[in-house]
Each structure stands twice: as structure tokens, then as C-alpha cells.
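Derivation of every value follows stated rules applied to the coordinates shown; laboratory data play no part. Bear in mind the structure is a predicted one, so any value in this text is a computation, not a measurement. Cβ: placed from backbone, ideal geometry, glycine included. Neighbour counts: every protein chain shown.
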Amino acid sequence: MQIGIIPFKNNNELIINCDPIKQYEYLACHLPVITTYMPETVIDKPYTFVANTKEEFNKAIEQCLSLKIDKKIIQEFLYKNSWNLRAALLIEISESRNLEVTNIEYIGKILSILCKEYDIPIFNTLYGMYLNLKDAEKFKKLAQSSYNKEKNKYIEKQYIRALLKNNSRTELIKVILKSSYVKRN
């Protein structure tokens, strides 16, 4: 085996909440990974390529086959993501010793890079959510753009959130009336 693959259906609500253990297993075996568009599979994951189409998969396969894996990078990644380290972090949080757990600016930077590299609605939506911390109008624009490209449940929910935040009632009503996710009694 030369490459690990993690294919998920793109419009599945699962992808927004998924961090496949299989990816860690592949990397532990020093295999590069090709995954479909799932945010957790690309944020700070070494030797990982994202592809959703046959052409993208073929390109990623070519890249993976010519790749040299640095075992030290893999070992460091696996150490940082070990259960022991995560448990220690939870203990620190519970004892209020480490309240600044994540660097939100760093996450924003990674999401920005992902958006430029892939221009995928789910990544753009997440970046919009980050931008919402400082600029609700930018959140709305990115959420609207993502919604216009792909109307899955998660993206629609974030677009509705952006519309509410920006007091865009007319557009909010239109989205809700068109929605296949809003229950009607």
C-alpha cells in the first residue's frame, strides 16, 4: 500500500464533524493521505491531499507517489495528537491552567489558506464564521457565496445565522421558504 484514501460523500452532514481516525493510522504507517473535502482532515495534517473529483484524485495520486515522507514530521504530529497529550490538555483546562487552548488567529490563517487553495463552500463557510468574530458583513458575503454554490444543511444553517446577525430579514425569509431542511407543520 502506497497511499491511504478517505473518501466521504461531499454533501453529507457528517463531514463537518468528522476527524477520521483512519487518517492518523495511515500517517502512522508513513503513508500520504488523499481525502475528500473535510475540514478536520486538512487543518494541520501533514502529507494530506484533498480531492473530490476523479481529476483531483488522479493529480493527488501522482503527487503522493513522488512524495518523500519525513518520519520525524510524522512522529511529531502523532505525538502532538496522542491521547496522552489530549488528556493532559483536558486536565489543564479543567483545572483552569490553560484557558488559551486554541489560537483563533492561527485557525483563521489556516482557513484563509484553505479557501485560497481549494475554494470549497464548506471551507469558505468556516472561514466566514471566523471572520464573523470581527466583521459580520464579510461572514454574510462568504456564507451567501457558499450557499449559492452548495445548499447542504450545514452551509444553509450558517447562512441563516449570518442573515440573522446582519438583520437581513427579507433574504432570511426567502432562504427559509426555499429550504428543504426547515420543517413545515
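Put a dot 7 Å past the Cα of Gln2, heading toward its Cβ, do the same for Ile173, and the two dots end up 6.0 nm apart. Take the Cα of Ala28, step 7 Å toward its Cβ, do the same at Ser180, and the gap between the two points is 3.9 nm. Between Ser112 and Asn52, full extension at 0.36 nm per residue minus the direct alpha carbon distance yields a gain of 19.7 nm. Charge dipole of the stretch 1-100 (Cα centre as origin; +1 on each Lys and Arg Cβ, -1 on each Asp and Glu Cβ, all else neutral): 300 debye, rounded to the nearest 20.
Once the other residues with Cβ under 11 Å from the Cβ of Pro20 are scored (Lys, Arg +1; Asp, Glu -1), what is the net sum?
Net charge in that neighbourhood comes out at -1.
With a threshold of 24 Å on the Cα-Cα distance, the over-threshold entries among Lys22/Lys149; Lys9/Lys72; Lys134/Lys165; Lys80/Lys109; Lys109/Lys134 are Lys22/Lys149; Lys9/Lys72. Normalised Debye scattering of the stretch 1-100 at q = 0.16 Å⁻¹ gives log10 I(q)/I(0) of -0.74, counting only Cα atoms as equal scatterers and leaving out solvent.
What is the log10 of I(q)/I(0) for the stretch 20-176, computed with the Debye formula using one identical point scatterer on each Cα and no solvent, at q = 0.10, 0.18 Å⁻¹? Log10 I(q)/I(0), no solvent term: -0.48, -1.14. Short-range pairs are left out: with C-alpha atoms under 8 Å and at least six residues apart, the relative contact order of the stretch 1-100 is 23 percent. Across every pair of non-identical alpha carbons in the stretch 104-178, the mean reciprocal distance, once inverted, gives a Kirkwood radius of 12.1 Å. When the chain is described by a simple charge dipole with +1 on each Lys and Arg Cβ and -1 on each Asp and Glu Cβ, the residue from Ile74, Tyr154, Tyr47 located farthest towards its positive end is Tyr154. Distant-in-sequence amide contacts of Ile34, defined by a placed amide H-H separation under 5 Å and a gap of 5 or more residues or a different chain, comprise Gly4, Ile5, Ile6, Phe49. Secondary-structure-derived ellipticity at 222 nm for the chain, considering helices only, amounts to -18000 deg cm²/dmol, per-run term -39500 (n - 2.57) for DSSP H runs with n ≥ 4.
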